[in-house]
Amino acid sequence: MLRLKLKFNESHVDETAKNKDVALKGCIFWNITNKCNNRCFYCFSSSGNMKNKELSTKEALNFIKEAADYGVPRFVISGGEPFIRKDIWTLLKEMRNYNLQIKIASNCTLLNKEKINKLDKMGVMSIQTPLDTLDRNLYAKIKNTNPKQFDKVIKNINLINQTNIHNIVSCVLTKVNADGPSQLMKFCHDKNIDTLSIFQPIPTGCCSLEKLFSIPEYLVKMKEIIDEFISYDKKWLIDIEGPTFESYDWLKRYSKYIRVNFAGCKAGRRICAISADGNLIPCPCMDLPVFYEGNIRERSLKDIWENGFKLFREPPRGCEQCKKYNSCMGGCRILAYGYTHKTNGMDPTCFKLNQDTSKKLEKINV
């Protein structure tokens, strides 16, 4: 999966995937519930209703202790919509009791000034809000909700901006909201919002291919977005998460104009995720039975981590001799699965499949 982070303000820089050591020293993403009050058409996990047998409060608290004892430094909390879960504040407090860092991805519809200030006092590092567009009616269409929700979310984004919490606005780029990145870039710049994160959607769950750009079209859009970003007077860093993108020479050129970090993909090597019902998975986008490595109700975090994730620690078929393997590590497995329905399929963003587009982009001036 591609995530393009456009950072306006100085903050942290993501660890790169070039660290080949297998150690759970990045984070655990926690889809804390599958229940959601939105129905985004691009949702890769088909969030909406609760899963059967989601972790109880006691089970969740036990897992927090287990993760802390194993040396996990932080949780990234998501869903579904995490603030639907009634015990969310109990769980967040327990994480801080163990000095675990917390990042949150939320649609921000259930927050208010009091709750945002409470999160700030708890030391929450960041909140990411999926806005996707500045057109309130289009926002409502994407989320399958009332346009009034847009106004509340904008208000809460502005409230987050008054705290010490790193404020992230995100956009899942599809044909439906093709102008979203440009709109939100100006919004973030003008409002002094820290980061705009732009995601390439994954064709799993609710997300269907007909609403997505082709891979060559995404590469062209990616260049247009970066060109616009570097034209702004205030900018700090481009963080590119996606295992194959360091292979593209046209992307490396931007280091002449701004700091560029190729973070790659750390799934199953430095990070993992846990589903609402306790299944350990390589990353939060992989909440599918084919990627389940084990359930924490049945096995320990240590056992699952140290004896699983083989697909992510060995070269996929066809990648063993590739000269780019040390940078891409075989590409994004969930993107490969979404397009090929094979866990060891070829990542569609692989440079070998996109050489013609790359050559065209190399010829275009920055």
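The values are calculated or read from the model by the stated rules, or taken from the named source; none is laboratory data. For clarity, every value in this text was computed on a predicted model and none was experimentally measured. Note: ideal-geometry Cβ built from the backbone for every residue, glycine included; neighbour counts use all protein chains shown. The area values use the complete protein model at the heavy-atom level, side chains included, leaving out ligands, DNA and RNA. Shrake-Rupley method; radii C 1.70, N 1.55, O 1.52, S 1.80 Å.
Among the residues of region 181-200, count how many are in a helix (DSSP H, G or I) and over 18 Å from residue 164 (Cβ atoms).
The qualifying residues number 9.
Here are some conditions: (1) part of a helix (DSSP H, G or I); (2) buried (at least 22 other Cβ atoms within 10 Å of the Cβ); (3) over 22 Å from the mean Cα position of the chain (by Cα). Residue 142 meets all but one. Which one does it not meet?
With respect to (1) part of a helix (DSSP H, G or I); (2) buried (at least 22 other Cβ atoms within 10 Å of the Cβ); (3) over 22 Å from the mean Cα position of the chain (by Cα), residue 142 is out only on (3).
Quick check on residue 175: is it among the charged types (D, E, K, R), surrounded by fewer than 19 Cβ atoms within 10 Å (Cβ to Cβ) and at pLDDT 95 or above?
So residue 175 fits the description; yes.
If a residue must be in a loop (DSSP other than H, G, I, E, B) and either without any contact (Cβ under 8 Å) to a residue 40 or more places away in the chain or touching a Gly at 6+ places or on another chain (Cβ under 6 Å) (or both), how many such residues does region 40-53 contain?
Initially, region 40-53 is screened for residues in a loop (DSSP other than H, G, I, E, B), giving 40-47, 49-53.
Now restrict to residues that are either without any contact (Cβ under 8 Å) to a residue 40 or more places away in the chain or touching a Gly at 6+ places or on another chain (Cβ under 6 Å) (or both): 43-47, 49.
Result for region 40-53: 6.
Only residues that are touching a Ser or Thr at 6+ places or on another chain (Cβ under 6 Å) and either among the basic types (Lys, Arg) or on the phi > 0 side of the Ramachandran plot (or both): list them for region 95-127, please.
Those that are touching a Ser or Thr at 6+ places or on another chain (Cβ under 6 Å) and either among the basic types (Lys, Arg) or on the phi > 0 side of the Ramachandran plot (or both): 103, 108.
Of all residues in region 323-344 being free of Cβ contacts under 8 Å to residues at least 12 places away in the same chain and within 21 Å of residue 2 (Cβ to Cβ), which is most open to solvent (accessible area, probe 1.4 Å)?
We begin by selecting, within region 323-344, every residue free of Cβ contacts under 8 Å to residues at least 12 places away in the same chain; these are 323, 325, 340-342.
Still in the running and within 21 Å of residue 2 (Cβ to Cβ): 325, 340-342.
Details: 325: 34, 340: 50, 341: 139, 342: 112 Å².
Among them, the one singled out is 341.
If the Cβ limit is 7 Å and pairs must be 6+ apart or interchain, which residue in region 78-101 that is more than 27 Å from residue 38 (Cα to Cα) pairs with which residue that is part of a loop (DSSP other than H, G, I, E, B) and among the small types (Gly, Ala, Ser)?
96/123
Does region 275-291 contain any residue that is touching a residue at least 60 places away in the same chain (Cβ under 8 Å) and over 25 Å from residue 65 (Cβ atoms)?
There is at least one residue in region 275-291 that is touching a residue at least 60 places away in the same chain (Cβ under 8 Å) and over 25 Å from residue 65 (Cβ atoms).
Keeping to region 8-56, report how many residues are under 15 Å from the mean Cα position of the chain (by Cα), modelled with pLDDT of 90 or more and either closer than 30 Å to residue 232 by Cα or open to solvent by 30 Å² or more (accessible area, probe 1.4 Å) (or both).
Residues flagged as under 15 Å from the mean Cα position of the chain (by Cα), modelled with pLDDT of 90 or more and either closer than 30 Å to residue 232 by Cα or open to solvent by 30 Å² or more (accessible area, probe 1.4 Å) (or both) within region 8-56 amount to 2.
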